[in-house]
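The values are calculated or read from the model by the stated rules, or taken from the named source; none is laboratory data. Just so you know, these numbers come straight off a predicted model, no measurement behind them. With ideal geometry, Cβ positions are generated from the backbone for all residues, glycine too; neighbour counts draw on all protein chains shown.
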Amino acid sequence: MAKINDNLLGVLPDDDILSQCIHCGMCLAVCPTYELTKLERSSPRGRIKLIKSVAEGVMPLSNIFADEMIFCLDCQACETACPAGVKYGVMVEAARAEIDNSSYNPFFARLIKKIILKYFVAIPQNLKIASRLLYYYQQSFLPLFLKKLVNLKILSGKLAELDSLSPKVSKKFSDSVINEITEPVGEKKIDTAFLYGCLMNVMFADINKDTVDLLSKNGCKVFTPKDQVCCGSLHAHNGDPETAKKLAKKNLRAFGKHNYEYLVSNSAGCGAFMKEYKHIFKDDEELKDIAESFSDRVKDLSEFFSDIIPLKLTNKNEKVTYHDACHLVHSQKVFSQPRKIINSILGIGYTELNEATWCCGSAGIYNVTRFDDSMKILDRKIKNIKETGADKVITSNPGCIAQLEYGLRKNNLHVKVEHLASFLNGLF
Ligand code: SF4
Ligand code: SF4
């Protein structure tokens, strides 16, 4: 008999919800991994049963258990579909933390989580040094040389695919092109704050700059603290809640130095996790009020420009569609706002994307740790994009942008992918 696991017992739903869950199964139809295998254990309900069995000591931690938890995208589409309100994300993240502390963590995933996430993504200086080196690599002849070695079958083809999937490092990082205080253009309407993130800081500096420019052009003063760090979402979703909490504390301190009404997020994953800070610190006497006030002021860009400062948009003749980032639509429940903004543009040709809320397979580091599964999920998304006939896909998360660009390029489709912030900033 295996041992009872108190950490997992603590995240299980009540017994009456669990008994409903056995007979329900409404989440199966929206689960990309169940769709791939048609195996119950690869479905949300199947994984809940596995977590319950390990929690109650009926089943030990095992390779099958670890594999199913890592196979899950943590896209949270099952949470949106669940009529009983089961908080599946909390369960899978707790299960991943247990796997992380065991010998069932696959080597490649362990390398990424223990070294890259902990010592690079979590430490801005290290991330910037590593990114600068990657920038020089990307600008050199080495990527072409790598392709040659792959063509000659000296190196595995997957290595070249992963290389081509990686977003390009920005020439200048966001923290060097965005001032700590950006004044509004014209009369000030509101004080805002902005998190430029970790990977977004070094790989998507143009989107960050577009976001701050868009805010400024629409009457916002923007506070962007220089001592901010990664929000911690990648760590929390990948079994390292301790590092996530340390990062969250640093951000509470950095953003606490200035008064602002809203923190505007341009990254679905970061926004979702910053809205969670208040739950993370709910039992911390010193930080609970600070974290609650912080989380309550976080707004996704589309929420902000739909509900707080509505935009006055000009004409644009373009055929576009919109892909929902999982952590925006499923975690933050933001669905109508980006559509409302896009459809308010005169002349826009908008076509709703079939399965717009279905994951694109990027899912944080999933496209690196589970490359083959990620590509199968991406193929489905690309097929749906092609069917819209759109010239541009708009989305709200950097990971989705890199993944969709890769899939469209691979399929020789001339469809541009653009972040909502850059798309809107281009209209002013
Ligand atoms: S989070 Fe996504 S992949 Fe994981 S079980 Fe839920 S729907 Fe399936
Ligand atoms: S929809 Fe909710 S209650 Fe139904 S099987 Fe899925 S997790 Fe369980």
Checklist line | Condition met for G186 (under 19 Å from the mean Cα position of the chain (by Cα), modelled with pLDDT of 85 or more and not hydrophobic (A, V, I, L, M, F, W, C)) | finding: no
Residues in the stretch 346-375 that are surrounded by 17 or more Cβ atoms within 10 Å (Cβ to Cβ), modelled with pLDDT of 95 or more and aliphatic (A, V, I, L, M) total 3
Scanning the stretch 297-329 residue by residue, the ones that are assigned to a loop (DSSP other than H, G, I, E, B) and under 24 Å from A254 (Cα atoms) total 1
Taking the conditions exactly as written (surrounded by 15 or more Cβ atoms within 10 Å (Cβ to Cβ), part of a loop (DSSP other than H, G, I, E, B) and among the small types (G, A, S)), does G197 satisfy them or not? yes
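Please go through the stretch 1-42 and give me each residue that is among the polar types (S, T, N, Q) and in contact with an Asp or Glu (Cβ under 9 Å, 6 or more places away or on another chain), ordered by number. Before the answer, list the steps.
Pass one, the stretch 1-42, residues among the polar types (S, T, N, Q): 5, 7, 19-20, 33, 37, 42.
N5, N7, T33, S42 - these are the residues of the stretch 1-42 that are among the polar types (S, T, N, Q) and in contact with an Asp or Glu (Cβ under 9 Å, 6 or more places away or on another chain).
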Among helices (runs of 4 or more DSSP H) entirely inside the stretch 203-296, those with 1 or more residues being under 27 Å from M91 (Cβ atoms), under 19 Å from the mean Cα position of the chain (by Cα) and among the hydroxyl-bearing types (S, T, Y) are 233-237, 241-255, 268-280, 288-296
Wholly inside the stretch 1-59, helices (runs of 4 or more DSSP H) that include 1 or more residues that are in contact (Cβ under 8 Å) with a residue 60 or more places away in the chain and either within 14 Å of ligand 1 (Cβ to nearest atom) or within 23 Å of the chain's Cα centre (by Cα) (or both) are 15-23, 32-37
Taking the stretch 59-72 and keeping only residues that are within 15 Å of ligand 2 (Cβ to nearest atom) and touching a Pro at 6+ places or on another chain (Cβ under 9 Å), one is left with C72
Within the stretch 65-93, restricting to residues that are within 18 Å of R110 (Cβ to Cβ) and away from ligand 1 (no atom under 11 Å from the Cβ), the one that is surrounded by the fewest Cβ atoms within 10 Å (Cβ to Cβ) is D67
The condition of being touching a helix residue (DSSP H, G or I) at 6+ places or on another chain (Cβ under 8 Å), among the hydrophobic types (A, V, I, L, M, F, W, C) and free of Cβ contacts under 8 Å to residues at least 24 places away in the same chain holds, among V177, V150, V202, only for V150
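Might you let me know whether the stretch 111-130 holds any residue that is within 15 Å of ligand 1 (Cβ to nearest atom) and within 25 Å of L247 (Cα to Cα)? Steps first, answer last, please.
First, the residues of the stretch 111-130 that are within 15 Å of ligand 1 (Cβ to nearest atom): none.
No: zero hits.
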Pairing a residue in the stretch 333-345 that is surrounded by fewer than 20 Cβ atoms within 10 Å (Cβ to Cβ) with any residue that is of a type in the set (G, A, S), where Cβ atoms lie under 8 Å and the two sit 6 or more apart in sequence or on different chains, gives S336/S306; K340/S306
Out of (1) over 23 Å from D206 (Cβ atoms); (2) of a type in the set (S, T, Y); (3) in contact with a Gly (Cβ under 8 Å, 6 or more places away or on another chain); (4) in contact (Cβ under 8 Å) with a residue 40 or more places away in the chain, the one T351 does not meet is (4)
Only unsatisfied item for D67, checking (1) without any contact (Cβ under 8 Å) to a residue 40 or more places away in the chain; (2) more than 25 Å from N238 (Cβ to Cβ), is (2)
Out of (1) within 15 Å of ligand 2 (Cβ to nearest atom); (2) within 24 Å of A356 (Cβ to Cβ), the one V90 does not meet is (2)
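Kindly indicate which of L159, L134 is within 15 Å of N201 (Cα to Cα) and either aliphatic (A, V, I, L, M) or modelled with pLDDT under 90 (or both). Reasoning before the result, please.
Details: L159 fails: within 15 Å of N201 (Cα to Cα).
Going through L159, L134 in turn, the sole match is L134.
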